[in-house]
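Data block below; observations after.
The values are calculated or read from the model by the stated rules, or taken from the named source; none is laboratory data. Note that the structure is predicted; figures quoted are calculated from it, not measured. Positions of Cβ are backbone-derived with ideal geometry, glycine not excepted, and every protein chain shown enters the neighbour counts.
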Amino acid sequence: MTSTNSSSPALELALALTPNGDLRLETTASSAAVLPPKRAAAIRTAFERGRGHGLFHLGAVEVGTRLPPSLAFWREFGRLFVTRFCALPDLDLARDEFDLPAPEHEFAAFVLVCPPMTGAEYLRPQTLGSLWQDIRSACLRELSEHAGSIAEFLHARNSVWNLVGRVHFHLAEQKNDEHRPFAFLATYTTRVSSGGSLRHLPLGLAVAEFAGDALAQKGKLLKLLRPVQAAARNSAMLARLVESKQIFHPLAWTANEALQFLRDVAVFEASGVVVTVPDWWKSRSSRRPTVQVTVGAAAPATIGLAGLLDFSVDLVLDGERLTRAEIDTILAETDGLAMIRGRWVEIDNEKLRQVLDHWRTAAAAASEGVSFAEGLRLLAGVDTRGSGAGATLAR
């Protein structure tokens, strides 16, 4: 008896266009990768509500999902709608009846890139215009069912949409420039790519893109720049960049200029600007030189409260003891960022010097050692010499 290893073709979702311009979700046989069951079920549920809901779901929810060609094509159409929707000014005030005209000048290009699918020959720009209005109606319906803000509405579909149509500030290191080791660039996001990533353009291009007398275009530009203007009211550095129009150009910064920017990150984010900074700034609490006082590293000569313990003061960074030369370099710096052992370190020179001077004075007074009882008090953080300066104590 002869046996053959054959398997039934997998079932896959596809979209088909009827002669009258209706869009239908079908199940077809395919040898390609099958959609995960949860994703397939979500797409089916959306199209069961209507083609407008289905297209809105593809564009808004399935941002990074690997889709078969026909669904991927219609996702691009749905994504175009969601992108234009995100750019509408004062949307929270007009959510019950927003106006989003069909971009008919883009429809001809969509027809030309239509992949092989059932009914592709029936696709016309007029068909896309009708489907655009279906998406708008579906979006209005889903908005009426949502009690939260527009931002929450979009985030519930996919969090990436809350980053579209927003200004982004980027700060990066320039390792090949000793004098201006940081670079700044302001961008804005225009859309989401087919892979689910954001497309950034320099902020200066926004002025050119939205230039003109059209009220809608001016409204889009005002909406885009509103967070920047709000942040500038609370950040002197950003106010200078806006007033001089440097905000629209790439900039090379010194370490201290970068630190001024970094110290205002919370202001920018609170105003609605998205900020990208080096990872080391996010964990900067561990990137500051710390005074470490060690008491009793060596065994005392005698046992008991009167036994003398050794006493030492060090400056450490990320748990590593710094050399005398590195300490002198840090103390010679003004407040700001300093490069120590290949890492950027935030320096508060005056505070650091005060703490070091205090503990070095204590160490000098205890040059013959401290008693066990006094060592316990030091380790507990009790100041035995009348100064309020603090330090990190380690044993």
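Answer yes or no: is there a residue in the range 140-162 that is under 28 Å from the mean Cα position of the chain (by Cα), on the phi > 0 side of the Ramachandran plot, surrounded by 14 or more Cβ atoms within 10 Å (Cβ to Cβ) and in a loop (DSSP other than H, G, I, E, B).
Taking the range 140-162 first, the residues under 28 Å from the mean Cα position of the chain (by Cα) are 142-143, 146-162.
Within this subset, residues satisfying the condition of being on the phi > 0 side of the Ramachandran plot are none.
Looking for residues that are under 28 Å from the mean Cα position of the chain (by Cα), on the phi > 0 side of the Ramachandran plot, surrounded by 14 or more Cβ atoms within 10 Å (Cβ to Cβ) and in a loop (DSSP other than H, G, I, E, B), one finds none in the range 140-162, hence no.
Looking across the range 257-268, the residues that are in contact (Cβ under 8 Å) with a residue 12 or more places away in the chain and assigned to a helix (DSSP H, G or I) come down to 257, 258, 259, 260, 261, 262, 265, 267, 268.
For residues that are of a type outside the set (A, V, I, L, M) and exposed (fewer than 13 other Cβ atoms within 10 Å of the Cβ), scanning just the range 207-249, find the one that is modelled with the lowest pLDDT. Before the answer, list the steps.
Our first condition is that a residue be of a type outside the set (A, V, I, L, M); within the range 207-249, this holds for 209-210, 212-213, 217-220, 223, 226-227, 229, 233-235, 240, 243-246, 248-249.
Within this subset, residues satisfying the condition of being exposed (fewer than 13 other Cβ atoms within 10 Å of the Cβ) are 212-213, 233, 243-245.
Numbers: 212: 58, 213: 54, 233: 94, 243: 94, 244: 94, 245: 92.
In this case the residue turns out to be 213.
Among (1) among the hydrophobic types (A, V, I, L, M, F, W, C); (2) under 23 Å from residue 241 (Cβ atoms); (3) touching a helix residue (DSSP H, G or I) at 6+ places or on another chain (Cβ under 8 Å); (4) modelled with pLDDT under 90, where does residue 163 come up short? Condition (3) is where residue 163 drops out.
Taken as a whole, the structure places residue 190 among residues that are modelled with pLDDT under 90 and not acidic (Asp, Glu).
Residues of the range 45-75 that are basic (Lys, Arg) and more than 14 Å from residue 16 (Cα to Cα): 49, 66. Annotation: of all residues in the range 1-58 being modelled with pLDDT under 70 and closer than 18 Å to residue 115 by Cβ, the one that is nearest to the chain's Cα centre (by Cα) is 33.
Report yes if some residue within the range 110-120 is out of contact with any Cys (no Cβ under 7 Å at 6 or more places or on another chain), within 24 Å of residue 224 (Cα to Cα), of a type in the set (Gly, Ala, Ser) and not in a helix (DSSP H, G or I); otherwise report no.
Initially, the range 110-120 is screened for residues out of contact with any Cys (no Cβ under 7 Å at 6 or more places or on another chain), giving 110-119.
Next, only the ones that are within 24 Å of residue 224 (Cα to Cα) stay: none.
Taking every residue of the range 110-120 in turn, none turns out to be out of contact with any Cys (no Cβ under 7 Å at 6 or more places or on another chain), within 24 Å of residue 224 (Cα to Cα), of a type in the set (Gly, Ala, Ser) and not in a helix (DSSP H, G or I).
Scanning the range 63-103 for residues that are in a loop (DSSP other than H, G, I, E, B) and within 17 Å of residue 199 (Cα to Cα) yields 63, 64, 87.
Test residue 42 against the stated conditions and say whether it is within 21 Å of residue 191 (Cα to Cα) and not basic (Lys, Arg).
Taking the combined requirement at face value, the residue does not satisfy it.
Cβ-Cβ contacts under 6 Å between residues 6 or more apart (or on different chains), taken from a first residue in the range 111-122 that is of a type in the set (A, V, I, L, M) to a second residue that is outside any loop (DSSP other than H, G, I, E, B), are listed as 117/70.
Which is modelled with pLDDT under 65 and not assigned by TED's automatic domain parsing to the domain that holds residue 207, of 338, 297, 325, 332? Give the steps one after another, and end with the answer.
Working: 338 fails: modelled with pLDDT under 65; 325 fails: modelled with pLDDT under 65; 332 fails: modelled with pLDDT under 65.
After ruling out the rest, the residue left standing is 297.
Answer with yes or no whether residue 291 is buried (at least 18 other Cβ atoms within 10 Å of the Cβ) and at pLDDT 70 or above. No; evaluated as a whole, the condition is false for this residue. When residues in the range 163-206 are screened for being surrounded by 13 or more Cβ atoms within 10 Å (Cβ to Cβ) and within 16 Å of residue 253 (Cβ to Cβ), 14 of them pass.
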